[in-house]
Amino acid sequence: MERVLLNKLPKVRQYLYGIFSVVVVAVICYLLSAFIAYKIVALLLLFTVSVLAMFLDILPLLLVALLSAFIWDYFFIPPVFNLHINQTEDVLMFLMYFTVALVNAVLNYKTRQWEKIARKREEKRNTLQLYNTLLNSLSHELRTPIATIIGASDNLKADATNLQEEDKDILVAEISKAALRLNGQVENLLNMSRLESGVVKPILDWCDINELAYDVKNKLKEYTRAHTIIINIKENLPLFKIDGGLIRECIYNLVYNALIYTPANSTITISAFKHNKNLVITVEDTGKGFPADEIENVFEKFYRLKNSHTGGTGLGLSIVKGFVGAHYGTILLENVKTGGAKFTIKIMAEASAEII
């Protein structure tokens, strides 16, 4: 989360905060003047100006530097309560203090300006990189299902009288599958947009995890002809207070990811249980698992495994992590010793009594 800096406040408040900080430090030093030398006070005031230089704009900062110099002279350099300085050594120290305070203020301010410019350049570079990555991904991911829908629709229209019912069913199934894939990509883009804008705020309500799991299974039935989805959730599992829409989307993306990237005849198991005060949801498959050196990267936006087949935008798992994070939960990926991968979602959530 970006820091809330004082230089984002109105100038008047910056002047007040700066003056107040220096005066407070000066008062504390004055009360302790019997125990600390006035040269030590100079170091403390300089430290205060250095800290304020990290936050204030240049004009409030220069005022603070000037004020600290004159406070040090008037209240601490002998003779006190007088701007006159008797000893040459003290005059040189005062001039040095004055110079160091001003130079420190200006340099710190300039450093922050350079950092801001560098940060903007980096953000622009990252934005362009993400934009190019997104275009490259979508050029394939959106074109493929659209081409499938158009081709199958044209075949149905052109050869409607000559096609066998079985062929018609196959074409309709292809259209349905392509439409589902297209809808999934659009949903992922919308969800990533919500995450990027920071508007994802879970709306908590009592949810039946069994119902969410079966909704996902039914929604993905077009993809399950070569796979088996098992739901391993007890019927008396309590209801949990979560955002059902977000968690359903998490389960959907994890299962869809397994269906796409595991070999035919693989089994995907959705499990859920209550552990202490946590809702734990797991999605486990019997595929080949993930390369050990890439597991840490799979939740990054637009990341795709090095040896994976073409297709996919690399958004699904990053969206899952974002939605789980919106619940202040965690998600863990690990390879199963017997083969395959296992995703574990853990969310602290209020639970009802077990259903009898």
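The values are calculated or read from the model by the stated rules, or taken from the named source; none is laboratory data. Predicted model, so just to flag it, every value in this text is computed and none were measured. All Cβ positions, glycine included, derive from the backbone under ideal geometry; neighbour counts span all protein chains shown.
Structure above, values below:
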quantity	calculated
Any hit, the stretch 94-105, residues being within 26 Å of the chain's Cα centre (by Cα) and at pLDDT below 75	no
Test result for Ile85, assigned to a loop (DSSP other than H, G, I, E, B), without any contact (Cβ under 8 Å) to a residue 24 or more places away in the chain and surrounded by 12 or more Cβ atoms within 10 Å (Cβ to Cβ)	yes
Residue, modelled with the lowest pLDDT, within the stretch 190-218, restricted to residues that are under 24 Å from Thr262 (Cα atoms) and surrounded by fewer than 17 Cβ atoms within 10 Å (Cβ to Cβ)	Asn218
Flag if Ile117 is in a helix (DSSP H, G or I), farther than 14 Å from Val41 by Cα and not hydroxyl-bearing (Ser, Thr, Tyr)	yes
Residues of the stretch 224-272 that turn out to be closer than 18 Å to Phe343 by Cα and either outside the structural domain of Thr286 (by TED's automatic domain parsing) or among the polar types (S, T, N, Q) (or both), as a count	9
Unique match (being crowded, with 17+ Cβ neighbours inside 10 Å, in a helix (DSSP H, G or I) and either modelled with pLDDT under 80 or not aromatic (Phe, Trp, Tyr) (or both)) among Lys321, Lys346	Lys321
Filter result for the condition that a residue is more than 19 Å from Met96 (Cβ to Cβ), of a type in the set (Phe, Trp, Tyr) and modelled with pLDDT under 85, over Phe55, Phe20, Phe35	Phe55
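One line per residue, one yes/no per condition, for (1) modelled with pLDDT under 75; (2) assigned by TED's automatic domain parsing to the domain that holds Ala42; (3) of a type outside the set (Gly, Ala, Ser); (4) closer than 30 Å to Asp57 by Cβ:
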position: Gln87; (1), (2), (3), (4): no, yes, yes, no
position: Lys116; (1), (2), (3), (4): no, yes, yes, yes
position: Gln129; (1), (2), (3), (4): yes, no, yes, no
position: Ala147; (1), (2), (3), (4): no, no, no, no
